[in-house]
1. Given the criteria in contact with a helix residue (DSSP H, G or I) (Cβ under 7 Å, 6 or more places away or on another chain), at negative phi and in contact (Cβ under 8 Å) with a residue 24 or more places away in the chain, does Ala124 qualify?
2. Do any helices (runs of 4 or more DSSP H) lying entirely in segment 112-176 carry at least 3 residues that are hydrophobic (A, V, I, L, M, F, W, C), at pLDDT 85 or above and within 15 Å of the chain's Cα centre (by Cα), and which ones are they?
3. Filter segment 230-255 down to the residues that are surrounded by fewer than 21 Cβ atoms within 10 Å (Cβ to Cβ), more than 22 Å from Leu155 (Cα to Cα) and of a type in the set (Gly, Ala, Ser) and list them by number.
4. Any idea how many residues of segment 256-288 are among the small types (Gly, Ala, Ser) and buried (at least 17 other Cβ atoms within 10 Å of the Cβ)?
5. Would you call Ala255 in contact with a helix residue (DSSP H, G or I) (Cβ under 7 Å, 6 or more places away or on another chain) and small (Gly, Ala, Ser)?
6. Select from segment 230-252 the residues that are small (Gly, Ala, Ser) and touching a helix residue (DSSP H, G or I) at 6+ places or on another chain (Cβ under 9 Å) and write down the one among them that is nearest to Asp206 (Cα to Cα).
7. Does Tyr227 satisfy the condition of being of a type in the set (Ser, Thr, Tyr), surrounded by 19 or more Cβ atoms within 10 Å (Cβ to Cβ) and farther than 22 Å from Ser147 by Cβ?
8. Look through segment 1-37, keep the residues that are surrounded by fewer than 17 Cβ atoms within 10 Å (Cβ to Cβ) and charged (D, E, K, R), and return whichever of them is nearest to Leu194 (Cα to Cα).
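The values are calculated or read from the model by the stated rules, or taken from the named source; none is laboratory data. Treat the numbers as computed from the prediction; the structure is a model and nothing was measured. Here the Cβ positions follow ideal geometry from the backbone for every residue, glycine too, while neighbour counts run over all protein chains shown.
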Amino acid sequence: MKDVKRNSLRAWVLAARPKTLTAAFIPVLLGSALAFADGKFDTLSAILCMAFACGMQVAANFINDLYDYLKGSDRADRLGPKRACTEGWISPRNMRIGIGIMMALSCLCGLGLLYTRWDILSHASVELITIGIICILFAFLYTTVLSYCGWGDVLVIVFFGFIPVGGTYFVQTEMITADVVMLSLISGLVIDTLLMVNNYRDREQDRKSGKMTLVVRLGERAGAAIYLGLGIAAVLLCLWFVYSGRMTLLEFIWAPCVYFYLHALTFRKMVQIHEGERLNAILGETSRNMLFMGLLLSVALC
């Protein structure tokens with residue numbers, strides 16, 4: 001991509017990594033689907049939650065791009081997509097400005113949500129603002145500290161599971177139920193498959209950079225097993241909704257089970273490829289599988 005002009009629109013789009021927005025989209029979709037099933041869906045709230053989630057995802061991608069560049073983690077032997085700062089497409093100064101703009105826009109969406117739903121959210125405004133601040137704080141902490149200590153998988157379950165699914169459901173229904181807790185865990189586990197295959201691909205480069213992911217700590221075989229296990233756990237947890245009456249056994253077969261079939265096929269390809277840039281295709285397939293799971297499960301719940 002030598003034709004990417006410095007600080008151009010294309011450079012910013014590449015730095016935003018639009019393919020990763022699937023991970024921001026799915027939790028909000030699931031939380032909204034559950035709210036719809038309970039007859040309390042609110043369109044504006046869902047849109048603002050989606051805008052906040054996507055804005056924070058882009059901001060986190062910018063932060064990751066900048067601080068991995070400053071740390072020297074984006075090595076010459078990098079297997080993943082090119083990074084904007086490392087390639088010189090965007091200067092570190094402009095990347096900092098971009099981070100600030102995306103954070104500000106995300107915060108405006110969050111405040112807009114409070115404003116439009118103040119009549120029912122005023123009693124929880126402090127808690128919701130606190131959650132927003134925590135999201136901003138951990139967007140920085142993840143890249144700068146926590147991902148190097150192997151906390152990435154836990155943070156995915158929290159910030160792509162419990163917070164977005166639970167938050168989206170709460171601002172529309174004013175409550176948290178056992179169903180939303182279970183759905184949050186399912187969302188987090190499914191989205192963690194994306195991080196797991198990313199870390200599986202980068203295991204040797206991460207080891208050299210001192211990034212102690214689960215795959216680096218436990219080894220390649222364990223990493224592959226965890227990738228498969230995340231999908232199995234997510235599908236088995238969906239049986240909760242059969243038990244609670246929100247989903248029929250037939251819906252369980254054509255929603256979670258279809259996802260697992262795709263997940264198992266992708267796992268098989270990942271193990272066969274084993275290493276190298278060809279694993280980028282597995283990253284794409286995993287993102288596709290996640291999207292199918294989000295869409296199919298949302299339809300089943302509705």
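1. Numbers: in contact with a helix residue (DSSP H, G or I) (Cβ under 7 Å, 6 or more places away or on another chain): no; at negative phi: yes; in contact (Cβ under 8 Å) with a residue 24 or more places away in the chain: yes.
Criteria not met by Ala124.
2. On the way: elements: 118-121, 125-144, 152-157, 163-173.
Ranges flagged: 125-144, 152-157.
3. Scanning segment 230-255 gives Ser244, Gly245.
4. At the first step, the residues of segment 256-288 found to be among the small types (Gly, Ala, Ser) are 264, 276, 281, 284, 287.
Filter again for buried (at least 17 other Cβ atoms within 10 Å of the Cβ), leaving 287.
Total satisfying the criteria: 1.
5. Details: in contact with a helix residue (DSSP H, G or I) (Cβ under 7 Å, 6 or more places away or on another chain): yes; small (Gly, Ala, Ser): yes.
Criteria met by Ala255.
6. The first filter runs over segment 230-252 and keeps only residues small (Gly, Ala, Ser), leaving 231, 233-234, 244-245.
Applying the additional criterion that residues be touching a helix residue (DSSP H, G or I) at 6+ places or on another chain (Cβ under 9 Å) yields 231, 233-234, 244.
Numbers: Gly231: 24, Ala233: 26, Ala234: 27, Ser244: 42 Å.
Among them, the one singled out is Gly231.
7. Numbers: of a type in the set (Ser, Thr, Tyr): yes; surrounded by 19 or more Cβ atoms within 10 Å (Cβ to Cβ): yes; farther than 22 Å from Ser147 by Cβ: no.
So Tyr227 fails the test.
8. Lys19
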